[in-house]
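Enquirer: Submitted below is the structure of interest, expressed as C-alpha cells.
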Amino acid sequence: MCWQTAAVVLDPAPALLVDREGASEQDADDDSVIVLSWWQHPVNVVALAIASALVAGMIGWLLASVAAEPDGGEVDVGFLQDMRVHHEQAVQMGFIYLDRPDTDPGLRVDARSIVLGQGIDVGRMIQLLRELDAPEAAEGDAAMAWMGMPTTHAEMDGMATEAQLDELAASAGATADDVFVRLMVAHHRGGIAMAEFAAEQAGSEEVRAMAAAIAANQTTEIAELQRLVD
C-alpha cells in the first residue's frame, strides 16, 4: 500500500500572490497541492490577533479616560456661575473707584490689579462652563444652592448693595479710599468663603485649583488693602 502526503503552499499576503495560472497548471499535474489564502497563513493570523488586542486595549483605555474625567457637578457649575457674578461686581467697584478724584496712589494700583485679575478670572470661568457643557450664567436670580445656602445674587456674601455702590461713586479723596477698602474687603471675604468650599467639594480638578487660587489671592489682597488704608 502506498501513502501519499499532501504538500501545502502558503500564500502569505495579497501583495505576494502566486501566479494563479501557474498554480492551476501545477494543480492539474498534482492534485495534492493546497494553496492557502493570505488570511489563513499562521503568521498573519497571529499578527491579526495581536493587532486586534492592541486596538481593543487602546479603545478600552480611551473609554476609561473619558469615564474618569469628572462631569460638571452642581458645585462646579454653581461656583463658576456665582463667582462670575461676584467677580464682575468687584471689577465694577474697581472702575468706580478709579474714576474718583484725589484717591490714594497705592490703592489705585490695587484697584487696577483687581480689575485686571478678576476680569481674566471671569473669562476663564466662562471657558470652563463651556467645557463642562453648562450655561455661562445661572437661570433667573437663584444663587448659592450648591453650598446649601440658596439665595439671590444680590444677597450673596460680600455683595455690595446699590446704595453702597452709589456711596462709592459719590465719594472722593480719603473718603473714597475708605469706602472702597471697606466694600472690597467685605466683598473678598464673601468670595473667599465660596472659593474655599469649592476648593474642597468641586469634582473637577481644574475648578478646585482655580477656587484655591482665588481664596489665596483674595486673602493676600485683603491684607494689602488694609495695610494701605491704615
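What follows draws every value from the coordinates through simple rules; no lab data is involved. Remember, predicted model here, so these are calculated numbers, not experimental data. No Cβ is skipped: glycine too gets one built from the backbone with ideal geometry, and neighbour counts run over all protein chains shown.
Enquirer: Could you list Phe95, Phe197 so that the one with the fewest beta carbons within 10 Å of its beta carbon is first and the one with the most is last?
Expert: Phe95, Phe197
Enquirer: Quote to one decimal, in nm, the extra length available between Val229 and Asp102 on full extension: 0.36 nm per residue of separation minus the C-alpha distance between them.
Expert: That works out to 44.3 nm of additional length.
Enquirer: Let me ask you something else. Treat each spin label as a single point 7 Å out from the Cα along the C-beta direction, and report the Ala154 to Ala186 distance in nm.
Expert: About 1.5 nm, to one decimal.
Enquirer: Taking R0 as 41 Å, what FRET efficiency do you get between Glu167 and Glu205 from their Cβ-Cβ distance, rounded to the nearest 0.05?
Expert: 0.50
Enquirer: Cβ neighbours within 10 Å, averaged per peptide: list 106-119, 175-188 in order, most packed at the top.
Expert: Listed from highest to lowest mean packing, they are 175-188, 106-119.
Enquirer: Given the C-alpha centroids of the stretch 109-127 and the stretch 163-230, what is the distance between them in whole angstrom?
Expert: Here the answer is 12 Å between Cα centres.
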